[in-house]
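**Q** Take this structure first; my questions come after.
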Amino acid sequence: MVIMENISNIKQKNIIEIKNVSFKYGEEENLAVKNVNLNIKKGEFISILGHNGSGKSTLAKLINSILLPFEGEVIVKGMNTKDKENLWKIRSTAGMVFQNPDNQLVGTVVEEDVAFGPENQGVEPNLIRKIVDESLKKVGMFEFRKRPPHLLSGGQKQRISIAGVLALNSECIILDEPTAMLDPEGRKEVMDTIKMLNKKQDKTIVLITHFMDEAVEGDRVVIMDEGQVKLEGSPREVFSKVDKIKKYGLDIPQVTELSEELRKEGINLSDNIIHIEELVNQLCP
Amino acid sequence: MSIKTKNLTFKYSEGTQFETKALDNINIEIKKGEFVGIIGHTGSGKSTLIQHFNGLMKPDEGDVIIEGKSLKDKKTKLKLIRQTVGLVFQYPEYQLFEETVYADVAYGPKNLELDENEINDRVKYALDLVGFNYEEIKDRSPFDLSGGQKRRVAIAGVLAMKPKYLVLDEPTAGLDPSGRNEILSQIERLHEKSKITVILVSHSMEDIARLVNYIYVLNKGKLHMEGTPKEVYSNSEELKRIGLGVPQIVDIMKELKYKGLMVDTNIFNIQDAKNEILRVIRGNSNV
Amino acid sequence: MFKNITIGQHYPIESYIHNLDPRVKIIITFIFIISLFIVNNFAAYLFVVLFLSVIIVLSKVPVLMVIKGLKPILIIIIITFLINVFMTSGEIIYTLGPLDITKEGLTQAGFMALRLILLIMGTSMLTLTTSPILLTDGIESLLNPYKKIGLPAHELAMMMTIALRFIPTLMEETEKIMKAQKARGADFESGNIFKRAKSLVPLLVPLFVSAFRRADDLAMAMEARCYRGGENRTRMRQLGITKKDIYAGVFTVVYLGIIIYSRIYW
């Protein structure tokens, strides 16, 4: 019994622990992040949703020590972000992909950019070549390795940035609104890549977004507003709270909203419908 | 009076082995007062098409006639065309440059060489149209504003030209849901209040369905389909085949019909869908 | 339109010269330039031209491409020629109105013009056969030893790489901003110099603001990927001297020897 418990504990280990964290920017009065508590398990796919200004991006930057908490602690794989010694190890463990596809790419050709991370880590040159090739293959961009970034589409650029993080051998990938500036095709490319990395490569994914249809893909959803965590749970649990979600400035899938409206009128439907098939099957058994 | 294209063709890398037709024989007519949507995947030619509406690009073959003036005619004054057709690009907040909101919005009218009083009136008019309190906003630096606010200032900058037609390229790009709703509501109000003809380019089927009364579907440079939302969205299979979608509500209604619930599938918003479903369900249970 | 501009006119093919180590090429170019200033008679120029020809042939770059590089400075070459022709005193052989053409003038002009032409062609060869990335790598490597006396070699190279990376992006953005302002009635073409300069403000301000924002974002992204300056940093691309580089080096040294000899003894 004890052995089973220990095994499940290992599986369930927290890779990121956010403990009573508060943060404010410079001279500002208001706390951008207010007393947030959140644990993220290894291998989990968690989405953090919120309108602009809700604190979600700030929270993301607190995880990989771009920002340091004003109060409370952020622990990444056992390392405290406040500890200067841990800085580079933390950033290697939790890599980050940002919103603007152009403003993250530093190399003049794709493979040079993906090599940037390992080069900074002082990895041996021959090994870097291998790492770069593998990372590009994982995101399906190996054929583009000699291209200059300005000739790529938005979705392709973001995949390169993801490859750049993979090259750091990060266990956890934080993505700060990675699809906000992309067209539907690009969004799909990026989401497919993220899902694959989570399912097949066991990467922990922290997705910051305001798109419900992206959050639906994850294991857990956290909704933030005014710097605090307001709702937390599985996508189904969270999306069923239609009115609350609207209050927090977010959208819900049309099917969820329609189901809620029908329920209010007395139609017998479950309260956590997020896919079209569910509504259709319940209305037309 | 309208914007009309006649066999409009535009080529990239003309004369080389890489020659491609960004626009292939496009024939459309957008009449005054309409609210039109242009949809198409990336690379379908949407951006190229709208740049012909205000003369930023000129056709290689065919013609574009704006309020009777042909782009092929050398005598046509482009400045006049740009006054008639206002074009707001994607992420227009990146074009702000002045020290105050007033000055930035006044840039357009200034280029038209209007007198100070007229410029003043227009700036007030434009800022009001996009929902700002003129006194509060006019002296602020555009760079101090939030993303959504900046975007509205940029749109005001084009509205100050008092265009008869307003073209908006993905006006909700990069905004969060509340930002999107705000901009779309403003555009709706704009169309109602000032009767401006609005041409909306968007990827979002939901946004288009909500606002427009006619849709043009572009695919690989060609005009693939056109019609009212009802007509266009009833072809959901075809739209999906060319890489576009339909508003989720349309999918829902179609699925329900397929499964035996005889609902009208020409519905694009949630309230109507709810009412229709209730109608059919309650109708059935009365039988 | 802007997407296809190549910086420094790199001509990407495979050749003996293309595959030489960029550091070697940079040093050879320097030596070539220095040799042009050592030469003081036309006979020696023969060797210069011979040296350059060997390089051009081995590089497989069409001669037309090399000569194209002269186009931008054609005016300067002509002015240099004319100034020297008319301004040098000596044995007058022809008079054109108030201006005298002297024998010394013709010689001097020809000399100077030739030097300029060969200078441009020589440096063109460097950029035609070396990609910007490799050029930057080469410069960084050559400047590395000077880090000890405080030269920020790595930082300079990083700045160059980032500049090269963003030039096409910024050009695209310039085009976008221009179109947006034109849609608001802006006119970048007509008017005198002052008017045109003023009309650039709505183009330059947004561009600068955007560039600063990009820099901010990029810095954060670089740090997120563990960038901390040049310390303990490795490079995936390694430069290596091969036999070919050694042959090229020897060839150049011999050439320099001949040139120096020509100055002393001819």
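**Q** Name every residue in segment B:112-167 that is touching a Phe, Trp or Tyr at 6+ places or on another chain (Cβ under 7 Å) and farther than 20 Å from B:Lys193 by Cα, in order of residue number.
**A** Matches in segment B:112-167: B:Lys138, B:Asp139.
**Q** Which one of B:Asp251, B:Asp176, B:Asp207, B:Asp272 is in contact (Cβ under 8 Å) with a residue 24 or more places away in the chain, acidic (Asp, Glu) and either under 30 Å from B:Tyr91 (Cβ atoms) or within 14 Å of chain A (Cβ to nearest Cβ) (or both)?
**A** B:Asp207
**Q** Looking only at segment A:158-185, filter to residues that are farther than 20 Å from A:Leu49 by Cβ and away from chain C (no Cβ under 14 Å); which one of those is surrounded by the most Cβ atoms within 10 Å (Cβ to Cβ)?
**A** Only one residue fits best here, namely A:Arg159.
**Q** Examine segment C:172-188 for a residue that is more than 9 Å from every other protein chain (Cβ to nearest Cβ), assigned to a loop (DSSP other than H, G, I, E, B), surrounded by fewer than 20 Cβ atoms within 10 Å (Cβ to Cβ) and free of Cβ contacts under 8 Å to residues at least 40 places away in the same chain, and state whether such a residue exists.
**A** Among the residues of segment C:172-188, at least one is more than 9 Å from every other protein chain (Cβ to nearest Cβ), assigned to a loop (DSSP other than H, G, I, E, B), surrounded by fewer than 20 Cβ atoms within 10 Å (Cβ to Cβ) and free of Cβ contacts under 8 Å to residues at least 40 places away in the same chain, which makes the answer yes.
**Q** Please enumerate the residues belonging to segment A:106-115 that are surrounded by 24 or more Cβ atoms within 10 Å (Cβ to Cβ) and at the interface with chain C (Cβ under 7 Å from one of its Cβ atoms).
**A** Selection gives A:Thr108, A:Ala115.
**Q** Related question: Among the residues of segment B:231-287 satisfying the criterion of being among the aliphatic types (A, V, I, L, M), at pLDDT 90 or above and under 21 Å from the mean Cα position of the chain (by Cα), which is nearest to B:Tyr214 (Cα to Cα)?
**A** The qualifying residue nearest to B:Tyr214 (Cα to Cα) is B:Val232.
**Q** Counting only residues that are surrounded by 21 or more Cβ atoms within 10 Å (Cβ to Cβ) and closer than 21 Å to C:Ala224 by Cα, which one in segment A:132-141 is nearest to the other protein chains (Cβ to nearest Cβ)?
**A** Residues of segment A:132-141 that are surrounded by 21 or more Cβ atoms within 10 Å (Cβ to Cβ), as a first pass: A:132, A:135-136, A:139, A:141.
Going one step further and asking which of them are closer than 21 Å to C:Ala224 by Cα, we end up with A:132, A:135-136, A:139.
On the way: A:Val132: 7, A:Ser135: 12, A:Leu136: 13, A:Val139: 16 Å.
Restricting to residues being surrounded by 21 or more Cβ atoms within 10 Å (Cβ to Cβ) and closer than 21 Å to C:Ala224 by Cα, the top hit is A:Val132.
**Q** When A:Gly155 is evaluated against the numbered criteria (1) facing chain C (nearest Cβ under 10 Å); (2) within 25 Å of B:Ala173 (Cβ to Cβ), which criterion, by number, is the only one it fails?
**A** For A:Gly155, the failing item is (1).
**Q** Check whether at least one residue in segment A:24-36 is of a type in the set (Ser, Thr, Tyr), surrounded by fewer than 20 Cβ atoms within 10 Å (Cβ to Cβ) and either in a helix (DSSP H, G or I) or free of Cβ contacts under 8 Å to residues at least 60 places away in the same chain (or both), and report yes or no.
**A** Yes, the conditions are met somewhere in segment A:24-36.
**Q** Inspect all residues belonging to segment A:75-91 and state whether any of them is buried (at least 24 other Cβ atoms within 10 Å of the Cβ), in contact with a Lys or Arg (Cβ under 9 Å, 6 or more places away or on another chain) and facing another protein chain (nearest Cβ under 7 Å).
**A** For segment A:75-91, residues buried (at least 24 other Cβ atoms within 10 Å of the Cβ), in contact with a Lys or Arg (Cβ under 9 Å, 6 or more places away or on another chain) and facing another protein chain (nearest Cβ under 7 Å): present.
**Q** Ok, one more. Identify the residue in segment B:223-276 that is among the small types (Gly, Ala, Ser), out of contact with any Phe, Trp or Tyr (no Cβ under 8 Å at 6 or more places or on another chain) and not in a loop (DSSP other than H, G, I, E, B) and, among all such residues, is surrounded by the fewest Cβ atoms within 10 Å (Cβ to Cβ).
**A** Step one: filter segment B:223-276 for residues among the small types (Gly, Ala, Ser), giving B:227, B:234, B:236, B:243, B:245, B:260, B:273.
Right, trim to out of contact with any Phe, Trp or Tyr (no Cβ under 8 Å at 6 or more places or on another chain) and you get B:234, B:236, B:243, B:245, B:260, B:273.
Add one more test, that the residue is not in a loop (DSSP other than H, G, I, E, B), and what stays is B:236, B:273.
Numbers: B:Ser236: 18, B:Ala273: 26.
Looking at residues that are among the small types (Gly, Ala, Ser), out of contact with any Phe, Trp or Tyr (no Cβ under 8 Å at 6 or more places or on another chain) and not in a loop (DSSP other than H, G, I, E, B), I get B:Ser236.
**Q** Residues being among the aliphatic types (A, V, I, L, M) and at pLDDT 95 or above: count how many of those fall in segment B:104-125.
**A** The number of residues fulfilling the criteria is 4.
**Q** Something else about it: Look through B:Leu244, B:Leu278, B:Leu256 and report the one residue that is in contact (Cβ under 8 Å) with a residue 12 or more places away in the chain, closer than 21 Å to A:Asn281 by Cβ, within 11 Å of chain A (Cβ to nearest Cβ) and not small (Gly, Ala, Ser).
**A** It is B:Leu256.
**Q** Given the structure, is C:Leu164 touching a helix residue (DSSP H, G or I) at 6+ places or on another chain (Cβ under 8 Å), within 14 Å of chain A (Cβ to nearest Cβ) and modelled with pLDDT under 90? Don't jump to the end; show me each part of the working.
**A** Numbers: touching a helix residue (DSSP H, G or I) at 6+ places or on another chain (Cβ under 8 Å): yes; within 14 Å of chain A (Cβ to nearest Cβ): yes; modelled with pLDDT under 90: yes.
The answer is yes for C:Leu164.
**Q** Test each condition in (1) surrounded by 17 or more Cβ atoms within 10 Å (Cβ to Cβ); (2) out of contact with any Lys or Arg (no Cβ under 8 Å at 6 or more places or on another chain) for C:Ala197 and report the one that comes out false.
**A** Every condition holds for C:Ala197 apart from (1).
**Q** Go through segment B:179-204 and give me each residue that's charged (D, E, K, R) and either in contact with a strand residue (DSSP E or B) (Cβ under 9 Å, 6 or more places away or on another chain) or within 11 Å of another protein chain (Cβ to nearest Cβ) (or both).
**A** Result: B:Arg180, B:Glu182, B:Glu188.
**Q** Could you tell me which of the residues B:Glu135, B:Glu170, B:Glu93 is more than 10 Å from chain C (Cβ to nearest Cβ), surrounded by fewer than 23 Cβ atoms within 10 Å (Cβ to Cβ), within 30 Å of A:Ile245 (Cβ to Cβ) and not small (Gly, Ala, Ser)? Can you show your working first?
**A** On the way: B:Glu135 fails: within 30 Å of A:Ile245 (Cβ to Cβ); B:Glu93 fails: more than 10 Å from chain C (Cβ to nearest Cβ).
Unique residue meeting the criteria: B:Glu170.
**Q** Answer with yes or no whether C:Arg225 is at pLDDT below 90 and basic (Lys, Arg).
**A** Values: at pLDDT below 90: no; basic (Lys, Arg): yes.
No; evaluated as a whole, the condition is false for this residue.
**Q** Considering only segment A:209-285, give the helices (runs of 4 or more DSSP H) lying wholly within it that have at least 3 residues that are in contact (Cβ under 8 Å) with a residue 40 or more places away in the chain, more than 10 Å from every other protein chain (Cβ to nearest Cβ) and within 26 Å of the chain's Cα centre (by Cα). If you could, list the steps in order and put the result at the bottom.
**A** Numbers: elements: A:212-215, A:235-239, A:242-247, A:254-264, A:276-283.
Ranges flagged: none.
**Q** Suppose the filter is among the aliphatic types (A, V, I, L, M), touching an Asp or Glu at 6+ places or on another chain (Cβ under 6 Å) and more than 14 Å from chain B (Cβ to nearest Cβ); does C:Leu239 pass it?
**A** Judged against the criteria, C:Leu239 is a match.
**Q** So, in segment A:57-75, of the ones that are over 15 Å from the mean Cα position of the chain (by Cα) and not in a loop (DSSP other than H, G, I, E, B), which residue ends up farthest from A:Ile16 (Cα to Cα)? If you could, list the steps in order and put the result at the bottom.
**A** Let us first name the residues in segment A:57-75 that are over 15 Å from the mean Cα position of the chain (by Cα), namely A:65-75.
Adding the requirement that they be not in a loop (DSSP other than H, G, I, E, B) leaves A:71-75.
Details: A:Glu71: 17, A:Gly72: 14, A:Glu73: 11, A:Val74: 7, A:Ile75: 6 Å.
Among those that are over 15 Å from the mean Cα position of the chain (by Cα) and not in a loop (DSSP other than H, G, I, E, B), it is A:Glu71.
**Q** Looking at segment B:129-137, can you tell me whether even one residue there is among the polar types (S, T, N, Q), in the same structural domain as B:Glu93 (by TED's automatic domain parsing), at pLDDT 95 or above and out of contact with any helix residue (DSSP H, G or I) (no Cβ under 6 Å at 6 or more places or on another chain)?
**A** no
The values are calculated or read from the model by the stated rules, or taken from the named source; none is laboratory data. It should be emphasised that the depicted structure is a prediction, and the values quoted were computed from it without experimental measurement. Methodologically, a virtual Cβ is constructed for each residue, glycine included, from the backbone with ideal geometry; neighbour enumeration extends over all protein chains shown.
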